[in-house]
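Notes follow once the structure below has been shown.
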Amino acid sequence: MEVEAFYKRLPKIELHAHINGSISTESIEELLAKNQEKGRPQPDIEALRQWKAKVENGEQMTLDGYREKNIKICFDMFKLIHQLVDNSEAVAIVTRNVIREFAEDGVKFLELRSTPRDVPETGMTKRSYIEAVLSSIKQCKEEGSDITVRFLLTIDRGRDLQTAHETVQLAREYQATSDGVVVGIDFSGDPNKNDARQYIPVLQEARKSGLKLAIHVAEIPNVAENLSLVQLPPDRIGHGTFLQPEVGGSEELVETVGKLRTPIELCLTSNLVGQTVKSFDIHHFKYWYERGHPCVICTDDKGIFATSLSQEYQIAASTFNLTREQMWELSFGSIACIFADDETKDRLRNLWAQERSKLQSS
Ligand SMILES: CNc1ncnc2c1ncn2[C@@H]1O[C@H](COP(=O)(O)O)[C@@H](O)[C@H]1O
Ligand SMILES: [Zn+2]
(Lines give C-alpha, C1' and ligand atoms only; values in the text may rest on other atoms or scores of the structure.)
(Ligands and ions follow the chains in the order given, each with its own letter.)
Protein backbone atom coordinates (compact mmCIF):
# COMPACT_ATOMS: atom_id res chain seq x y z
CA MET A 1 0.00 0.00 0.00
CA GLU A 2 1.20 3.52 -0.80
CA VAL A 3 2.67 5.40 2.16
CA GLU A 4 0.02 8.11 2.15
CA ALA A 5 -2.84 5.61 1.98
CA PHE A 6 -1.29 3.53 4.77
CA TYR A 7 -1.08 6.42 7.22
CA LYS A 8 -4.58 7.53 6.38
CA ARG A 9 -5.94 4.02 6.92
CA LEU A 10 -3.96 3.54 10.14
CA PRO A 11 -6.42 4.07 13.03
CA LYS A 12 -5.23 7.09 14.99
CA ILE A 13 -5.74 9.02 18.21
CA GLU A 14 -5.65 12.83 18.16
CA LEU A 15 -5.26 14.38 21.61
CA HIS A 16 -3.99 17.89 20.91
CA ALA A 17 -6.23 19.85 18.56
CA HIS A 18 -7.32 23.44 19.22
CA ILE A 19 -10.67 23.88 17.49
CA ASN A 20 -10.06 27.29 15.93
CA GLY A 21 -6.48 26.45 14.99
CA SER A 22 -7.79 23.36 13.23
CA ILE A 23 -10.11 25.35 10.96
CA SER A 24 -9.91 24.20 7.32
CA THR A 25 -9.88 26.44 4.26
CA GLU A 26 -13.30 24.99 3.38
CA SER A 27 -14.67 26.07 6.77
CA ILE A 28 -13.30 29.58 6.28
CA GLU A 29 -15.07 29.79 2.92
CA GLU A 30 -18.27 28.41 4.44
CA LEU A 31 -18.22 31.05 7.20
CA LEU A 32 -17.54 33.88 4.74
CA ALA A 33 -20.45 32.70 2.58
CA LYS A 34 -22.67 32.55 5.66
CA ASN A 35 -21.76 36.14 6.58
CA GLN A 36 -22.55 37.24 3.05
CA GLU A 37 -25.90 35.45 3.10
CA LYS A 38 -26.84 37.06 6.40
CA GLY A 39 -25.54 40.50 5.46
CA ARG A 40 -23.00 40.41 8.29
CA PRO A 41 -19.79 42.43 8.04
CA GLN A 42 -16.84 40.44 6.66
CA PRO A 43 -13.63 40.52 8.70
CA ASP A 44 -10.46 41.26 6.77
CA ILE A 45 -8.68 37.92 6.73
CA GLU A 46 -6.29 38.61 3.88
CA ALA A 47 -3.27 38.08 6.17
CA LEU A 48 -4.68 34.66 7.14
CA ARG A 49 -5.10 33.68 3.50
CA GLN A 50 -1.53 34.74 2.77
CA TRP A 51 -0.19 32.83 5.76
CA LYS A 52 -2.06 29.66 4.73
CA ALA A 53 -0.79 29.93 1.17
CA LYS A 54 2.80 30.29 2.41
CA VAL A 55 2.56 27.38 4.85
CA GLU A 56 0.96 25.18 2.19
CA ASN A 57 3.90 25.95 -0.10
CA GLY A 58 6.36 25.17 2.69
CA GLU A 59 7.65 28.74 2.71
CA GLN A 60 7.37 29.29 6.46
CA MET A 61 9.54 26.26 7.08
CA THR A 62 12.55 27.87 5.47
CA LEU A 63 12.69 30.74 7.92
CA ASP A 64 15.57 30.52 10.32
CA GLY A 65 16.07 32.13 13.70
CA TYR A 66 12.61 33.60 13.61
CA ARG A 67 11.22 31.74 16.61
CA GLU A 68 9.67 34.68 18.40
CA LYS A 69 8.44 36.17 15.18
CA ASN A 70 6.81 33.05 13.79
CA ILE A 71 5.13 32.13 17.06
CA LYS A 72 3.90 35.69 17.26
CA ILE A 73 2.46 35.46 13.76
CA CYS A 74 0.60 32.25 14.74
CA PHE A 75 -1.11 34.15 17.54
CA ASP A 76 -2.00 36.97 15.14
CA MET A 77 -3.62 34.31 12.94
CA PHE A 78 -5.71 33.05 15.85
CA LYS A 79 -6.99 36.59 16.35
CA LEU A 80 -8.13 36.73 12.73
CA ILE A 81 -9.83 33.35 12.99
CA HIS A 82 -11.57 34.52 16.15
CA GLN A 83 -12.95 37.51 14.23
CA LEU A 84 -14.52 35.10 11.79
CA VAL A 85 -15.69 32.59 14.40
CA ASP A 86 -17.51 35.21 16.46
CA ASN A 87 -20.95 33.64 16.88
CA SER A 88 -22.34 30.32 18.16
CA GLU A 89 -23.42 29.15 14.72
CA ALA A 90 -19.87 29.62 13.41
CA VAL A 91 -18.45 27.73 16.41
CA ALA A 92 -20.84 24.86 15.65
CA ILE A 93 -19.90 24.82 11.95
CA VAL A 94 -16.15 24.82 12.59
CA THR A 95 -16.44 22.10 15.24
CA ARG A 96 -18.61 19.89 13.03
CA ASN A 97 -16.22 20.27 10.09
CA VAL A 98 -13.12 19.66 12.23
CA ILE A 99 -14.62 16.41 13.55
CA ARG A 100 -15.55 15.26 10.04
CA GLU A 101 -12.08 16.14 8.73
CA PHE A 102 -10.33 14.17 11.48
CA ALA A 103 -12.70 11.22 10.95
CA GLU A 104 -11.96 11.33 7.22
CA ASP A 105 -8.24 11.20 8.06
CA GLY A 106 -8.63 7.94 10.03
CA VAL A 107 -8.86 9.40 13.54
CA LYS A 108 -11.01 7.15 15.76
CA PHE A 109 -10.72 9.03 19.03
CA LEU A 110 -10.42 12.82 19.21
CA GLU A 111 -9.98 15.18 22.11
CA LEU A 112 -10.80 18.72 21.03
CA ARG A 113 -9.88 21.76 23.09
CA SER A 114 -11.11 25.33 22.85
CA THR A 115 -11.25 28.62 24.74
CA PRO A 116 -14.83 29.62 25.60
CA ARG A 117 -15.34 33.20 24.38
CA ASP A 118 -18.12 35.71 24.73
CA VAL A 119 -18.85 38.23 22.00
CA PRO A 120 -21.56 40.66 23.18
CA GLU A 121 -22.13 42.04 19.64
CA THR A 122 -23.36 38.67 18.38
CA GLY A 123 -24.91 37.51 21.64
CA MET A 124 -22.43 34.68 22.07
CA THR A 125 -21.73 33.81 25.69
CA LYS A 126 -19.20 31.34 27.07
CA ARG A 127 -22.07 28.96 27.76
CA SER A 128 -23.51 29.24 24.25
CA TYR A 129 -19.98 28.73 22.92
CA ILE A 130 -19.55 25.50 24.87
CA GLU A 131 -23.03 24.36 23.93
CA ALA A 132 -22.31 24.97 20.24
CA VAL A 133 -19.25 22.71 20.50
CA LEU A 134 -21.23 20.08 22.38
CA SER A 135 -24.12 20.21 19.89
CA SER A 136 -21.75 19.50 16.99
CA ILE A 137 -20.12 16.63 18.85
CA LYS A 138 -23.61 15.24 19.45
CA GLN A 139 -24.64 15.79 15.84
CA CYS A 140 -21.60 13.89 14.53
CA LYS A 141 -22.36 11.04 16.92
CA GLU A 142 -25.98 10.90 15.80
CA GLU A 143 -24.91 10.87 12.16
CA GLY A 144 -22.97 7.71 12.99
CA SER A 145 -19.46 9.17 12.47
CA ASP A 146 -16.81 6.57 13.15
CA ILE A 147 -15.10 8.70 15.79
CA THR A 148 -15.42 9.28 19.53
CA VAL A 149 -15.01 12.90 20.60
CA ARG A 150 -14.21 14.45 23.97
CA PHE A 151 -13.80 18.11 24.89
CA LEU A 152 -11.32 20.05 27.07
CA LEU A 153 -11.98 23.66 28.04
CA THR A 154 -8.97 25.89 27.48
CA ILE A 155 -7.49 28.28 30.00
CA ASP A 156 -5.62 30.92 27.98
CA ARG A 157 -2.54 32.06 29.92
CA GLY A 158 -2.83 35.42 28.18
CA ARG A 159 -6.01 36.13 30.14
CA ASP A 160 -6.43 36.87 33.82
CA LEU A 161 -6.85 34.56 36.79
CA GLN A 162 -10.51 35.36 37.21
CA THR A 163 -11.18 34.15 33.67
CA ALA A 164 -9.20 30.97 34.36
CA HIS A 165 -11.26 30.40 37.47
CA GLU A 166 -14.50 30.87 35.52
CA THR A 167 -13.32 28.35 32.93
CA VAL A 168 -12.80 25.75 35.65
CA GLN A 169 -16.28 26.47 37.02
CA LEU A 170 -17.75 25.96 33.56
CA ALA A 171 -15.75 22.77 33.03
CA ARG A 172 -17.07 21.41 36.32
CA GLU A 173 -20.62 22.27 35.38
CA TYR A 174 -20.38 20.63 31.94
CA GLN A 175 -18.43 17.69 33.24
CA ALA A 176 -21.58 16.85 35.20
CA THR A 177 -24.07 17.51 32.40
CA SER A 178 -22.38 16.68 29.08
CA ASP A 179 -22.75 12.92 29.23
CA GLY A 180 -19.05 12.42 29.73
CA VAL A 181 -17.95 14.63 26.83
CA VAL A 182 -16.25 17.38 28.87
CA VAL A 183 -13.31 15.65 30.53
CA GLY A 184 -10.75 18.23 31.39
CA ILE A 185 -8.79 21.43 31.06
CA ASP A 186 -6.20 22.52 28.53
CA PHE A 187 -3.71 25.20 29.60
CA SER A 188 -2.32 27.04 26.59
CA GLY A 189 -2.01 30.46 24.97
CA ASP A 190 0.96 32.63 24.04
CA PRO A 191 3.92 31.21 26.01
CA ASN A 192 5.52 34.66 26.10
CA LYS A 193 2.60 36.03 28.12
CA ASN A 194 2.33 36.03 31.92
CA ASP A 195 3.90 33.70 34.44
CA ALA A 196 2.21 30.30 34.21
CA ARG A 197 2.90 29.66 37.89
CA GLN A 198 0.14 32.02 38.95
CA TYR A 199 -2.42 29.61 37.42
CA ILE A 200 -1.25 26.58 39.41
CA PRO A 201 -3.82 26.90 42.24
CA VAL A 202 -6.62 27.11 39.64
CA LEU A 203 -5.29 24.03 37.85
CA GLN A 204 -5.08 22.17 41.16
CA GLU A 205 -8.63 23.15 41.93
CA ALA A 206 -9.68 21.67 38.54
CA ARG A 207 -7.92 18.45 39.28
CA LYS A 208 -9.61 18.16 42.66
CA SER A 209 -12.92 18.17 40.81
CA GLY A 210 -11.84 15.19 38.73
CA LEU A 211 -10.97 17.17 35.61
CA LYS A 212 -7.97 15.93 33.64
CA LEU A 213 -5.12 18.37 32.92
CA ALA A 214 -3.40 18.74 29.54
CA ILE A 215 -0.80 21.45 30.00
CA HIS A 216 1.35 23.22 27.40
CA VAL A 217 4.82 23.00 28.90
CA ALA A 218 8.21 24.27 27.69
CA GLU A 219 7.05 25.60 24.35
CA ILE A 220 9.81 28.13 24.94
CA PRO A 221 12.72 27.79 27.41
CA ASN A 222 11.94 28.73 31.02
CA VAL A 223 13.23 26.23 33.57
CA ALA A 224 11.62 27.65 36.71
CA GLU A 225 8.16 27.96 35.19
CA ASN A 226 8.33 24.60 33.46
CA LEU A 227 9.49 22.81 36.59
CA SER A 228 6.46 24.06 38.53
CA LEU A 229 4.20 22.90 35.72
CA VAL A 230 5.64 19.39 35.40
CA GLN A 231 5.56 18.98 39.18
CA LEU A 232 1.80 19.63 39.25
CA PRO A 233 1.88 16.98 37.66
CA PRO A 234 -0.28 17.27 34.55
CA ASP A 235 -2.00 14.22 33.08
CA ARG A 236 -0.37 15.05 29.76
CA ILE A 237 2.23 17.55 28.56
CA GLY A 238 1.72 19.54 25.37
CA HIS A 239 4.92 20.02 23.33
CA GLY A 240 7.68 19.75 25.98
CA THR A 241 10.04 21.30 23.45
CA PHE A 242 12.58 22.75 25.90
CA LEU A 243 12.78 20.12 28.65
CA GLN A 244 16.20 18.67 27.88
CA PRO A 245 19.30 20.46 29.19
CA GLU A 246 20.88 20.52 25.69
CA VAL A 247 18.15 22.86 24.45
CA GLY A 248 17.87 25.08 27.51
CA GLY A 249 15.88 22.84 29.87
CA SER A 250 17.40 20.95 32.81
CA GLU A 251 18.22 17.48 34.15
CA GLU A 252 15.60 17.96 36.83
CA LEU A 253 12.93 18.66 34.22
CA VAL A 254 13.78 15.55 32.24
CA GLU A 255 14.05 13.40 35.35
CA THR A 256 10.72 14.59 36.71
CA VAL A 257 8.85 13.97 33.48
CA GLY A 258 10.67 10.66 32.96
CA LYS A 259 9.92 9.37 36.45
CA LEU A 260 6.27 10.38 36.33
CA ARG A 261 6.00 9.01 32.76
CA THR A 262 3.74 11.96 31.91
CA PRO A 263 2.67 11.39 28.29
CA ILE A 264 3.89 14.05 25.86
CA GLU A 265 1.81 15.33 22.94
CA LEU A 266 4.29 15.91 20.12
CA CYS A 267 3.41 18.21 17.24
CA LEU A 268 6.20 18.13 14.65
CA THR A 269 4.98 20.52 11.96
CA SER A 270 3.63 22.98 14.52
CA ASN A 271 7.06 23.27 16.13
CA LEU A 272 8.82 23.58 12.80
CA VAL A 273 6.53 26.27 11.46
CA GLY A 274 6.53 28.04 14.83
CA GLN A 275 10.34 27.77 14.57
CA THR A 276 10.82 26.43 18.08
CA VAL A 277 12.50 23.43 16.42
CA LYS A 278 14.86 24.07 13.50
CA SER A 279 14.39 20.84 11.57
CA PHE A 280 12.42 17.62 11.86
CA ASP A 281 15.50 15.45 12.44
CA ILE A 282 16.33 17.20 15.73
CA HIS A 283 12.73 17.24 16.97
CA HIS A 284 12.50 16.11 20.61
CA PHE A 285 10.16 13.31 19.54
CA LYS A 286 13.34 11.32 18.91
CA TYR A 287 14.66 11.83 22.44
CA TRP A 288 11.47 10.78 24.22
CA TYR A 289 10.57 8.00 21.81
CA GLU A 290 13.98 6.40 22.13
CA ARG A 291 13.67 6.47 25.93
CA GLY A 292 10.45 4.47 25.62
CA HIS A 293 8.50 7.39 27.10
CA PRO A 294 4.74 7.62 26.33
CA CYS A 295 4.59 9.73 23.15
CA VAL A 296 1.49 10.81 21.24
CA ILE A 297 1.79 12.36 17.79
CA CYS A 298 -0.65 15.25 17.36
CA THR A 299 -1.40 18.14 15.00
CA ASP A 300 -1.94 21.14 17.37
CA ASP A 301 -3.53 23.42 14.75
CA LYS A 302 -3.96 21.58 11.46
CA GLY A 303 -5.53 24.66 9.83
CA ILE A 304 -2.75 27.05 10.75
CA PHE A 305 0.01 24.56 10.00
CA ALA A 306 -1.53 23.03 6.86
CA THR A 307 -1.19 19.46 8.06
CA SER A 308 -3.19 16.37 9.03
CA LEU A 309 -2.58 13.67 11.60
CA SER A 310 -1.77 11.10 8.90
CA GLN A 311 0.79 13.52 7.51
CA GLU A 312 2.36 13.94 10.96
CA TYR A 313 2.67 10.15 11.28
CA GLN A 314 4.23 10.03 7.85
CA ILE A 315 6.74 12.75 8.75
CA ALA A 316 7.73 10.99 12.00
CA ALA A 317 8.15 7.66 10.19
CA SER A 318 10.26 9.04 7.36
CA THR A 319 12.37 11.38 9.53
CA PHE A 320 13.25 8.78 12.16
CA ASN A 321 13.21 5.69 9.93
CA LEU A 322 10.38 4.02 11.78
CA THR A 323 8.68 0.98 10.30
CA ARG A 324 4.96 0.68 9.75
CA GLU A 325 4.93 -1.80 12.63
CA GLN A 326 6.54 0.78 14.94
CA MET A 327 4.06 3.43 13.80
CA TRP A 328 1.26 0.99 14.49
CA GLU A 329 2.57 0.50 18.03
CA LEU A 330 2.82 4.26 18.49
CA SER A 331 -0.78 4.74 17.53
CA PHE A 332 -1.91 1.75 19.64
CA GLY A 333 0.13 2.99 22.60
CA SER A 334 -1.61 6.37 22.42
CA ILE A 335 -4.83 4.71 23.60
CA ALA A 336 -3.31 4.46 27.09
CA CYS A 337 -2.96 8.28 27.18
CA ILE A 338 -6.55 9.27 26.39
CA PHE A 339 -8.78 10.87 29.00
CA ALA A 340 -11.33 8.07 29.21
CA ASP A 341 -12.29 5.08 31.30
CA ASP A 342 -10.93 1.55 30.89
CA GLU A 343 -14.03 0.43 29.06
CA THR A 344 -13.48 3.03 26.32
CA LYS A 345 -9.80 2.11 26.11
CA ASP A 346 -10.67 -1.59 25.76
CA ARG A 347 -13.22 -0.80 23.07
CA LEU A 348 -10.57 1.14 21.14
CA ARG A 349 -8.01 -1.65 21.55
CA ASN A 350 -10.52 -4.10 20.07
CA LEU A 351 -11.18 -1.70 17.23
CA TRP A 352 -7.42 -1.41 16.59
CA ALA A 353 -7.20 -5.23 16.40
CA GLN A 354 -9.99 -5.32 13.82
CA GLU A 355 -8.42 -2.54 11.78
CA ARG A 356 -5.10 -4.31 11.92
CA SER A 357 -6.43 -7.44 10.26
CA LYS A 358 -8.22 -5.30 7.64
CA LEU A 359 -4.98 -3.41 6.92
CA GLN A 360 -2.99 -6.62 6.69
CA SER A 361 -5.40 -8.22 4.25
CA SER A 362 -5.56 -5.19 1.96
C1 LIG B 1 1.21 27.10 18.30
N2 LIG B 1 1.15 26.58 19.63
C3 LIG B 1 0.25 26.98 20.57
N4 LIG B 1 0.72 27.31 21.79
C5 LIG B 1 -0.11 27.78 22.73
N6 LIG B 1 -1.43 27.95 22.56
C7 LIG B 1 -1.94 27.62 21.37
C8 LIG B 1 -1.14 27.10 20.33
N9 LIG B 1 -1.94 26.84 19.28
C10 LIG B 1 -3.19 27.21 19.66
N11 LIG B 1 -3.20 27.71 20.91
C12 LIG B 1 -4.33 28.27 21.66
O13 LIG B 1 -5.54 27.89 21.01
C14 LIG B 1 -6.28 29.06 20.59
C15 LIG B 1 -6.99 28.78 19.28
O16 LIG B 1 -7.99 27.80 19.46
P17 LIG B 1 -9.35 28.04 20.27
O18 LIG B 1 -9.86 29.42 19.93
O19 LIG B 1 -9.06 27.88 21.73
O20 LIG B 1 -10.27 26.96 19.74
C21 LIG B 1 -5.22 30.13 20.48
O22 LIG B 1 -5.79 31.42 20.60
C23 LIG B 1 -4.26 29.79 21.62
O24 LIG B 1 -4.73 30.31 22.84
ZN1 LIG C 1 -1.32 23.56 21.40
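Here are the numbers for this structure:
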{"item": "Too-long pairs where the Cα-Cα distance tops 26 Å, listed order kept, from Lys8/Lys72; Lys108/Lys358; Lys72/Lys345; Lys38/Lys126; Lys138/Lys302", "result": "Lys8/Lys72; Lys72/Lys345"}
{"item": "Relative contact order computed over the chain (Cα-Cα under 8 Å; 6+ residues apart), in percent", "result": "21"}
{"item": "Calculated FRET value between Ser357 and Lys141, using beta carbons and R₀ = 30 Å, to 0.05", "result": "0.70"}
{"item": "Residues of the stretch 230-261 with amide N under 19 Å of a point placed 7 Å along Cα→Cβ from Phe75", "result": "238-242"}
{"item": "Neighbourhood charge, 13 Å Cβ-Cβ cut-off, centred on Ile130 and excluding it, Lys, Arg +1 and Asp, Glu -1", "result": "+2"}
{"item": "Heavy atoms of Met1: accessible area, 1.4 Å probe, square angstrom to 10", "result": "100"}
{"item": "Residues in the stretch 126-151 reached by a label modelled at Glu89 [backbone nitrogen below 20 Å; 7 Å Cα→Cβ]", "result": "126-140"}
{"item": "Over the chain: helical MRE at 222 nm, DSSP H runs n ≥ 4 each giving -39500 (n - 2.57), nearest 500", "result": "-16000 deg cm²/dmol"}
{"item": "Sorted peptide list for 44-56, 208-220, criterion being average Cβ within 10 angstrom, highest first", "result": "208-220, 44-56"}
{"item": "Computed over the chain, Cα set: Rg, Dmax in Å", "result": "19.3, 57"}
{"item": "Accessible area per residue, Å², the stretch 5-361 with all protein chains present, probe 1.4 Å", "result": "41"}
{"item": "Mean-position separation - Cα centroids, the stretch 260-296 and the stretch 147-214, in angstrom", "result": "23"}
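The values are calculated or read from the model by the stated rules, or taken from the named source; none is laboratory data. Predicted, not measured: the structure shown is a model, and the values here were computed from it. Virtual Cβ from ideal backbone geometry, glycine too; neighbours counted across all protein chains shown. Heads up: the accessible areas ignore ligands, DNA and RNA and are worked out on the full protein's heavy atoms, side chains in. Shrake-Rupley method; radii C 1.70, N 1.55, O 1.52, S 1.80 Å.
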